[in-house]
Amino acid sequence: MTRNIVACGGGGWSSDMRGGAVEDYILGLARSDRPRVLLLPTASGDSDWLVARFHEFFGRLPCEPSHLALFRPHPEDLEERLLAQDVIYVGGGSSANLMAVWGVHGIGAILRTAWEQGVVLAGVSAGAICWFASGLTNSLGPSFAPVAGLGLLAGGFCPHADSDPGRLVALGQLIDRGLMPPTLAVDDDAAVHISGDGVQRVLSGAPGRGARMVGADGAEETLPALALAT
């Protein structure tokens, strides 16, 4: 069974309704011509605005969008609902709050099962950090800090690498101190598609956007990117 994760650095449908190249790519990985796509907006506190924007954007695409709000009553069985999807997309927000709320509901184990069963997992910012062993977040205070993810993928993830250069400085310092592992740093409007445990493809949704692998002692390797039609 192919295991697919698409981790987006930032941007996308939640910030620009005119785009869609990365989202089209994600839908193309699904096992259905009209995939069931579910949004988990937990990191935003189940923002009504984010949910409405998701339905507006994905409602124009050949898919069946829905969402699951953990901050609202949800009488349906969580495992049954999540495992019935073709794509699960995790929205951005607070990585620390996301992982805490998921822990209460046992979401991590269900998402691992979904991944193992071939459900495409995707997300942006906090919704991309969550798939990795560790991520760089500013949701724990005024500075950047590591946060533990689900560990479906080894290593670390850093979103917004180009739009907030302070992230890369903090990331390098944390790696050198042994507090972060080697980390994928991904720009806004770019994503990494990972099948299994290795980087399969870097996706660029805008000119000049991409990803690099950041290691200890300032080591940085820019990864070749596939430019998507926009």
L179 passes all but one of (1) touching a residue at least 40 places away in the same chain (Cβ under 8 Å); (2) surrounded by fewer than 18 Cβ atoms within 10 Å (Cβ to Cβ); which number fails? (1)
Of everything in segment 1-39, what is open to solvent by 40 Å² or more (accessible area, probe 1.4 Å), within 24 Å of C158 (Cα to Cα) and hydroxyl-bearing (S, T, Y)? Give them in sequence order. S15, Y25
If I ask for residues that are farther than 26 Å from L228 by Cα and touching an Asp or Glu at 6+ places or on another chain (Cβ under 7 Å), which ones from segment 155-207 would you list? D176
Working only within segment 173-214, note down all residues that are under 13 Å from the mean Cα position of the chain (by Cα) and not in a strand (DSSP E or B). D187, D188, D189
Looking at (1) of a type outside the set (K, R); (2) in contact with a Ser or Thr (Cβ under 7 Å, 6 or more places away or on another chain); (3) surrounded by 19 or more Cβ atoms within 10 Å (Cβ to Cβ), which is the only condition V186 fails? (2)
Would you call T42 surrounded by fewer than 15 Cβ atoms within 10 Å (Cβ to Cβ) and either farther than 30 Å from S143 by Cβ or in contact (Cβ under 8 Å) with a residue 60 or more places away in the chain (or both)? no
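The values are calculated or read from the model by the stated rules, or taken from the named source; none is laboratory data. Note that the structure is a prediction, hence the values are computed from the model and not measured. Using ideal geometry, Cβ is built from the backbone for each residue, glycine included, and neighbour counts are taken over all protein chains shown. For the accessible areas, the whole protein counts, side chains as well, though only heavy atoms, and no ligand, DNA or RNA atoms are used. Shrake-Rupley method; radii C 1.70, N 1.55, O 1.52, S 1.80 Å.
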